[in-house]
Every structure is written in C-alpha cells, then in structure tokens.
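What follows is a set of notes on a single structure, which appears directly below.
The values are calculated or read from the model by the stated rules, or taken from the named source; none is laboratory data. Just so you know, these numbers come straight off a predicted model, no measurement behind them. No Cβ is skipped: glycine too gets one built from the backbone with ideal geometry, and neighbour counts run over all protein chains shown.
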Amino acid sequence: MTNDKTMTKPGGVSRRTLIKSAGAFGTVLATGTIGAPAVWGQGKKTIRFLNTETSIDSIRALKVACAEYEKQFGTQVIVDSVPLDDAFTKVTTSLRGGQPYDIATFAFVGHVLLLQAEGQLMPLTELTSKHKWGPKILFPVKDEVYWYPYDYNLAWIYYRKDLYEKHGLSAPKSYAEMLKNSQTLTADGRFGSLFPIGSNGATNWLAPGFMWAEGVKLFDDKWNVTLDNAEMAPRVTRYLDFFAELYKTMPSGASQASFGEVLSNFSSDKVGHAAYAGRIIEALERNAPKLATQYGITPYMDSTGKAKAVNHGYDGWVVLKTPNSDESMKFMKWFTENQYINFLHTAPLHFQPPRLDVYDDPRWRAHPLIEKHKEAVETMRGFITDKSVILTSIDTEGPAPDLRPGKVFEGFVIPEMLQNKILKNMSSAECIKTAADKMRKLIA
Amino acid sequence: MSSKATIYGFLFVGLAVTLALIVAPAVYAVSLSFYQMDSFVGAPKWAGFANYAAVLQAPEFWRALVNGAIYALGSIVFQVILGIGFALVLNETFPGRNLVRGLSILPYLLPTVVVILTFKWMVDGGIGIVTKAVEAMGLPPINWFESPGAAMASTILVSVWMWTPFVTTCFLAALQTVPQSLYEAARVDGTTAVQRFFHITLPMLKPILTVVVLLRAIWMFNKFDVIWLLTRGGPVGATENLAILSYRHAFNLFDIGGGAAIATISFALLSVAVLIYFWVFPLEDD
C-alpha cells in the first residue's frame with residue numbers, strides 16, 4: 001500500500017504538489033483563454049473577403065497576400081471562396097444576418113448597382129482614378145465608381161490554325177465564311193464547332209457574339225425593347241438562321257454544354273471552333289501542349305464581313321459598408337497596389353487586365369505564358385483598344401448600367417430564343433416575338 | 001424525474017426544434033410572398049396578393065406545375081415497378097445474394113452531384129463513353145437533351161437510376177415480413193406465381209407501397225438538385241418544375257416575393273394532394 005508520502009521520490013514532486021500545480025496552471029490557462037478574445041479583439045482586426053475565383057492558384061495567391069498583409073499590418077483577412085453563382089446570395093444574406101462580408105467579388109454589374117442603390121457599398125473612385133481603364137468596365141454611378149474591376153473575360157472565337165492550313169481556309173470574316181469553315185472541319189471524327197445553346201450562363205456569354213456583330217441592340221435610349229422592331233428584327237433573323245445552320249456542325253449535347261464542355265471539347269481536339277476567353281489557352285497548355293501553338297483567335301463576325309464583336313465579360317471587387325470599411329479600404333488599396341499583378345498571374349491569359357497600364361508593365365509581361373502567347377495577348381488588347389470592335393453583352397446592354405438587362409440575362413431570354421429556333425423549329429419571326437415579349441415582361 | 005416529466009421534457013425539446021427549424025422558416029417564407037423584394041437587402045414593400053396574382057397568370061407557372069407532375073409520375077411509376085421487381089429477385093435465394101443486395105443500394109449512396117456529372121460526361125456528345133459506344137455500334141447519336149421530350153425522359157431516367165435502390169430496399173424489407181405459410185398454402189391450392197404475386201405479395205405490400213409512393217411523390221414533386229444539375233430546367237423550360245421556378249424567381253430574377261409565392265402555392269398543393277391520397281388510400285391500424 002502506498003500513500004502520498006511514499007510516492008515522493010528524492011528530488012521529485014509529490015502527487016499533492018502535482019495536483020496543486022496543475023490546478024494553478026489550469027486556472028491561469030483558463031483565465032488567459034477567457035480573457036484572450038477581448039484582448040485579441042482589441043488588438044487585432046479581422047475582415048472577411050468573399051472570393052469567387054475558385055482555382056487553386058487564385059485561392060492560394062489571395063491567401064498568401066492576406067497572410068502578408070496580416071504580417072505587415074496586423075489585420076487578419078479571412079478569405080471564403082464560393083462559386084460565382086452563389087456570391088450575391090451569400091453577400092445579401094450575410095448583410096441581413098448581421099455578419100456581412102467586408103469585401104466581395106461580383107461578375108455582374110447589376111449586383112453592384114443593386115447594393116449601391118441600397119447604400120451598401122463604399123465608393124472606390126480614389127483607387128480606380130489612379131489608372132487608365134479599358135472601355136465599359138468601371139460602370140460609374142453619378143461620377144463615383146463602386147467597384148474595382150480586376151479582369152475582362154471577353155468571349156471571342158478560337159479556331160484551329162493547323163486545320164485551317166490543311167484545308168486552305170482563312171480566318172472567317174462573315175457568317176458565310178464561318179459556316180463554310182465549320183462545315184469543312186466537320187470530318188475525321190471531329191465536329192466543326194461548339195457554341196452552347198442551353199439555358200445557362202455559358203450560352204449567355206458565348207452565343208450572342210454573332211448577334212452583336214450584326215448590330216443588334218436589345219434596348220433603345222428609353223429602355224424600350226427593340227429586339228423585334230423593324231430595324232433589329234431582320235438582323236436577329238439573320239443571326240438565328242445562321243446559328244441554326246451552324247448548329248448542324250456541332251456535336252450533340254450543345255443544348256447542355258457549359259463552360260467545361262466547351263473547354264474540354266476544344267482542348268481534346270473534338271471541335272474545330274469554340275468560343276471562350278483566355279482560359280482555353282491555359283487549358284491547352286496544361287492538357288494538350290501540342291495544340292497550344294495551333295490555335296488562332298478572331299472576333300465574332302456579322303453577315304456582311306464588315307463588323308466584328310466580342311462578348312463582354314468582367315469581374316471585380318466591391319467594399320461593403322460595414323464597421324470594418326476603413327480597414328477594408330486600406331486592404332484594397334494595399335492589395336491593388338502590391339498584389340494585383342500576382343493575382344492576375346494566377347490565370348495569366350484568362351484574367352485580361354482592364355487597367356491599360358498593366359499591358360506595358362514588365363512585371364505582368366514577365367509571366368512565361370504571357371510571353372509565349374504575346375501575339376494572342378496583343379490581339380486581346382486590340383479587342384478593347386480598337387474602337388471598331390463592338391464590345392457588349394446581354395447584361396451591359398441599354399443606355400446605362402442597370403438591373404433590367406440583368407433580368408434579361410438571368411431570364412435566359414437569348415438562350416431560349418436559340419432553343420426555340422433550333423430545338424423546336426419555330427420560325428425566326430416567332431422566336432423573336434416570343435423573346436421580345438419575355439423581355440418586356442421581365443423588365444416591367 | 002417522473003416518467004410524465006420525461007415525456008413532457010422530450011416533447012418540449014422536439015416541439016422547440018420543430019418550431020425553430022421548420023415552422024418559423026416556413027412562416028417566414030410565406031410572409032415573404034406578400035412583399036415585393038429585389039433582394040434580401042433593402043426595405044420590402046407590401047404587395048398583398050399581387051405576387052400570387054402575377055404567378056398564377058404566368059404561363060411559366062402552369063408549365064412548371066405540369067412538368068413537375070409529369071416528372072413525379074414518370075419517376076414514381078418506374079421506381080415502383082423496378083423496385084418491386086428487383087426486390088422480388090433479391091428476396092430469392094441464390095449464391096452471392098448478400099453481395100448483390102449490397103451492390104444494389106450503391107447508386108442511392110452516391111452523392112447526387114456525382115451521379116449527375118457522371119451521367120452528363122457519359123452521354124457527352126463529343127467524348128461521352130455512351131456516345132462512343134453508340135457510334136461504335138453504327139447507330140445514330142442519341143440526343144439526350146436536344147428536345148423537350150428527350151430532356152424530360154433523361155431527367156426521369158437519372159432519377160430512376162438513383163432512387164430505385166431506395167424503393168427496392170423498402171420492398172425487400174416488407175417482403176421479408178410476409179409469412180411463408182401463406183405462399184405454402186397457396187401452392188397447395190395449385191396457384192401460379194403470378195396469382196401468388198397479385199393475391200398475396202401485392203396486398204401484403206400495400207401499407208409500405210402507400211408510404212413509399214407518398215414519400216416518392218413528395219420528394220419528386222419538390223425535386224431540385226437533379227433537374228438543376230442536369231438541365232437547369234431547360235431546354236425552353238421543358239424540365240422546369242415549381243421548385244426550380246421558385247428558385248429562379250427568388251435568386252436569379254430579383255423577385256423574392258414571387259419565388260416565395262410559388263413555393264407557398266407548391267406547399268399548399270402538396271398538402272391537399274397528401275390529404276386526398278390518405279383519404280383514397282387510408283393506412284389501416286391493424
């Protein structure tokens with residue numbers, strides 16, 4: 001039998017002493033832990049950043065930048081990453097729930113306008129005014145800019161240069177040439193082209209380019225729907241008739257194709273033409289290096305061969321009015337001055353800079369892919385500097401930035417117009433009338 | 001603690017959880033349907049029954065209602081017929097029966113998104129394995145989603161693929177409660193297998209059939225994930241049901257009140273349907 005005393009070894013510690021010490025240590029630890037949040041809260045600020053660029057490189061770059069910021073300034077920046085479609089809901093519900101995000105990413109100007117109208121956004125003019133920007137990207141409201149656009153995601157047409165050379169084709173300048181080229185490339189187990197027609201964002205982004213080149217406008221200066229008026233209807237008819245013919249050169253499944261299918265079909269040599277932004281080049285480099293030197297890019301074309309267009313696309317950051325707004329503004333200022341190019345490099349060809357100074361910045365140009373594809377990069381730059389290239393999209397149509405074209409975008413009016421023509425064999429006139437009626441209803 | 005106190009304690013906790021997680025959000029959702037709201041930010045404007053009037057006048061609503069009914073009916077019929085068939089097979093004795101029973105539940109265990117993405121890549125028009133197999137057999141390509149009818153059929157097909165195992169498991173469990181003596185007596189009377197199925201098996205399965213059909217009907221009518229991931233309600237709204245229409249109004253078309261109104265009408269329709277169902281097919285106590 002033993003007791004406390006018998007457990008004490010020469011030079012050792014008795015069990016009683018051990019328990020007392022542990023108790024004292026526990027008390028100190030508990031007191032410290034309980035007190036810690038208050039001290040922590042006083043000494044360290046935390047801001048929440050909602051990111052929608054979900055590639056591992058972009059998330060990593062953001063987290064590294066945030067860790068660097070915390071090291072330098074002591075403010076913790078927590079990055080949450082969600083798919084783009086969920087961003088607006090996350091932001092609005094976080095506002096309503098009382099724990100708002102301080103910084104958020106959006107890819108639709110309507111969301112920015114909606115939050116701005118509710119007084120939820122900080123103006124970012126002091127940050128954007130330092131630089132020269134490309135066209136149709138700042139979307140100012142009463143001379144104030146409420147977001148910091150970080151990229152263009154313009155959609156243009158990719159074609160296979162090697163197949164063009166083999167068949168003696170040249171880059172298409174008109175609907176007829178595009179159709180002929182696509183028909184020619186429909187051979188050897190390959191389809192001529194893939195342009196999605198489903199009710200999804202991919203169709204909204206990648207299919208209307210031909211319509212913009214044809215000079216179609218969705219609204220007049222007073223927000224009246226013009227799609228079916230005497231001037232536009234014949235243009236839309238030409239677009240629909242052309243698209244119906246082009247559809248015959250596409251693989252089955254175009255009605256369900258989204259971004260992934262377009263990328264994979266072009267990079268796996270299954271189609272000769274596809275539309276996208278710079279992501280395709282990155283995909284070719286990663287998955288099909290042999291094809292990475294065999295692509296050409298060209299804008300969408302009209303029926304006469306006179307006009308060209310690219311479909312608008314963009315992303316940007318907003319700073320929300322929260323108790324942390326000042327700290328968020330400081331972070332945005334630091335990030336856009338010190339980390340912006342690092343961030344762009346996480347998708348070097350897909351994140352096309354809207355800031356014109358970046359194109360001549362040796363730090364940006366130093367990326368190996370930008371260097372390697374400098375010809376494509378110059379063409380991309382030309383899409384925003386060449387005034388003859390029409391730059392528009394469903395969500396940016398109309399006389400001013402507004403929520404109404406956003407409703408047309410989210411209502412999948414143009415995709416459904418294509419589906420009515422192609423899948424339901426409706427006449428073009430009927431398709432146009434149905435689409436215009438739906439637009440009027442959506443924006444009423 | 002007395003047994004009565006224990007019972008009331010559990011009852012209180014159960015009611016509190018139900019109230020907080022089911023009743024309160026449902027009441028809130030119904031209340032939203034009386035307001036005009038672009039988003040969850042900003043002050044809602046009282047709209048009375050305007051959202052209901054607008055929704056009921058929209059052809060999209062009636063189309064979604066019909067689509068939901070077709071999808072639910074089509075899915076349930078195939079799930080029940082195949083589920084009973086598989087259950088009858090799995091109820092027989094054969095080598096490796098336990099393994100086959102385990103494998104048969106597999107599609108139900110997979111996450112919906114995995115099943116849908118697998119299916120979409122399998123039937124991809126350019127590189128899908130099914131497309132390639134069809135091509136290798138010299139058959140014309142199958143247009144899984146290229147017409148409204150085909151898209152609906154594909155959606156039903158995927159639902160049947162996913163949930164038939166659940167129905168099979170329910171019926172298999174029920175089959176094992178049918179006394180063997182009934183079959184033995186019937187055999188002595190010289191009945192055929194078909195007669196035994198219709199006069200013994202099916203009547204004995206009736207209670208579970210009633211519950212399974214009811215559950216499947218509710219789940220299929222409200223189904224969102226499969227249709228959203230597969231077709232997003234397209235083409236041209238051909239697979240859009242009330243759940244998807246409600247979501248699109250609330251989160252895509254900046255019409256939260258309209259979305260809530262659609263969800264409320266859907267809830268009311270289902271409640272009425274359930275009452276009618278139990279009136280026609282009452283569950284007996286014994």
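Does segment A:395-409 include one or more residues that are at pLDDT 95 or above, basic (Lys, Arg) and assigned to a helix (DSSP H, G or I)? No, segment A:395-409 contains no residue that is at pLDDT 95 or above, basic (Lys, Arg) and assigned to a helix (DSSP H, G or I).
Restricting A:287, A:265, A:311 to those that are modelled with pLDDT under 95 and buried (at least 22 other Cβ atoms within 10 Å of the Cβ) reduces the list to A:265. Across segment B:28-65, the number of residues qualifying as exposed (fewer than 11 other Cβ atoms within 10 Å of the Cβ) and either under 26 Å from the mean Cα position of the chain (by Cα) or among the polar types (S, T, N, Q) (or both) comes to 3. Exactly one residue out of A:173, A:161 is more than 14 Å from every other protein chain (Cβ to nearest Cβ), surrounded by fewer than 21 Cβ atoms within 10 Å (Cβ to Cβ), basic (Lys, Arg) and over 18 Å from residue A:302 (Cα atoms), and it is A:161. Answer yes or no: is there a residue in segment A:411-425 that is in contact with a strand residue (DSSP E or B) (Cβ under 6 Å, 6 or more places away or on another chain) and more than 25 Å from residue B:252 (Cα to Cα). Taking every residue of segment A:411-425 in turn, none turns out to be in contact with a strand residue (DSSP E or B) (Cβ under 6 Å, 6 or more places away or on another chain) and more than 25 Å from residue B:252 (Cα to Cα).
Among the residues here, residue A:300 does not qualify as in contact with a Pro (Cβ under 7 Å, 6 or more places away or on another chain), hydroxyl-bearing (Ser, Thr, Tyr) and surrounded by 19 or more Cβ atoms within 10 Å (Cβ to Cβ).
Residue-wise test of (1) within 14 Å of another protein chain (Cβ to nearest Cβ); (2) assigned to a helix (DSSP H, G or I); (3) among the aliphatic types (A, V, I, L, M); (4) in contact with a strand residue (DSSP E or B) (Cβ under 6 Å, 6 or more places away or on another chain).
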| site | (1), (2), (3), (4) |
| --- | --- |
| B:22 | no, yes, yes, no |
| B:25 | yes, yes, no, no |
| B:30 | no, yes, yes, no |
| B:60 | yes, yes, no, no |
| B:64 | yes, yes, yes, no |
| B:71 | no, yes, no, no |
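Screening residue A:82 with (1) loosely packed, with under 14 Cβ neighbours inside 10 Å; (2) at pLDDT below 95 gives one miss only, at (1). Selection within segment A:84-120: residues that are within 9 Å of chain B (Cβ to nearest Cβ) and in contact with a strand residue (DSSP E or B) (Cβ under 8 Å, 6 or more places away or on another chain). The member of this set that is nearest to residue A:312 (Cα to Cα) is A:88.
Any residue that is in a helix (DSSP H, G or I) and away from every other protein chain (no Cβ under 12 Å) - is there at least one of those in segment A:416-425?
The first filter runs over segment A:416-425 and keeps only residues in a helix (DSSP H, G or I), leaving A:416-422.
If we keep only those that are away from every other protein chain (no Cβ under 12 Å) too, we end up with none.
No - not one qualifying residue is present in segment A:416-425.
All conditions but one from (1) in a loop (DSSP other than H, G, I, E, B); (2) facing another protein chain (nearest Cβ under 9 Å) apply to residue B:151; the one that does not is (1). Against the condition assigned by TED's automatic domain parsing to the domain that holds residue A:323 and among the hydroxyl-bearing types (Ser, Thr, Tyr), how does residue A:174 come out, does it pass? Spelling it out, it is not the case that residue A:174 is assigned by TED's automatic domain parsing to the domain that holds residue A:323 and among the hydroxyl-bearing types (Ser, Thr, Tyr). Annotation for segment A:270-281: no member residue is at positive phi, within 14 Å of chain B (Cβ to nearest Cβ), in contact with a strand residue (DSSP E or B) (Cβ under 9 Å, 6 or more places away or on another chain) and modelled with pLDDT under 95. Between A:306, A:330, the distinction of being more than 14 Å from chain B (Cβ to nearest Cβ), under 30 Å from residue A:78 (Cα atoms) and of a type in the set (Lys, Arg) belongs to A:330 only. Residue B:102 passes every criterion in (1) touching a residue at least 40 places away in the same chain (Cβ under 8 Å); (2) under 28 Å from residue B:230 (Cβ atoms); (3) not β-branched (Val, Ile, Thr) apart from (1).
Applying the set (1) in the same structural domain as residue A:71 (by TED's automatic domain parsing); (2) on the phi > 0 side of the Ramachandran plot to residue A:351 leaves exactly one unmet item: (2). Are any residues in segment B:142-185 among the aromatic types (Phe, Trp, Tyr), buried (at least 18 other Cβ atoms within 10 Å of the Cβ) and more than 15 Å from the chain's Cα centre (by Cα), and if so, which ones? Correct list: B:144, B:145, B:171. For residue A:409, the conditions (1) more than 11 Å from chain B (Cβ to nearest Cβ); (2) in contact with a helix residue (DSSP H, G or I) (Cβ under 8 Å, 6 or more places away or on another chain); (3) aromatic (Phe, Trp, Tyr) are fulfilled apart from (1).
The residue that is farthest from the chain's Cα centre (by Cα), counting only those in segment A:260-317 that are among the hydroxyl-bearing types (Ser, Thr, Tyr) and more than 24 Å from residue B:229 (Cα to Cα), is A:304. Within the set B:231, B:191, the sole residue that is more than 14 Å from chain A (Cβ to nearest Cβ) and among the polar types (S, T, N, Q) turns out to be B:191. In the set (1) at pLDDT below 95; (2) more than 15 Å from residue A:47 (Cβ to Cβ), the condition left unmet by residue A:99 is number (2).
Could you say which residue among A:362, A:399, A:354, A:348 is away from every other protein chain (no Cβ under 14 Å), out of contact with any Cys (no Cβ under 8 Å at 6 or more places or on another chain) and under 30 Å from residue B:256 (Cβ atoms)? Answer to the selection: A:399. Across segment B:198-217, what is the number of residues that are exposed (fewer than 15 other Cβ atoms within 10 Å of the Cβ) and at pLDDT 90 or above? Selection size over segment B:198-217: 4. For segment B:218-228, taking the residues that are buried (at least 21 other Cβ atoms within 10 Å of the Cβ) and of a type outside the set (Phe, Trp, Tyr), the one that is nearest to the other protein chains (Cβ to nearest Cβ) is identified as B:227. Each residue in segment B:24-39 was checked for being in contact with a Ser or Thr (Cβ under 6 Å, 6 or more places away or on another chain) and closer than 11 Å to residue B:254 by Cβ, and 1 of them qualify. Given the condition touching a Cys at 6+ places or on another chain (Cβ under 9 Å) and more than 30 Å from residue B:265 (Cα to Cα), answer yes or no: does some residue in segment B:109-125 qualify? No, the conditions are met nowhere in segment B:109-125.
Whether any residue in segment A:411-418 is surrounded by fewer than 24 Cβ atoms within 10 Å (Cβ to Cβ) and among the hydrophobic types (A, V, I, L, M, F, W, C) is what I want to check. Scanning segment A:411-418, I find no residue that is surrounded by fewer than 24 Cβ atoms within 10 Å (Cβ to Cβ) and among the hydrophobic types (A, V, I, L, M, F, W, C), so the answer is no.
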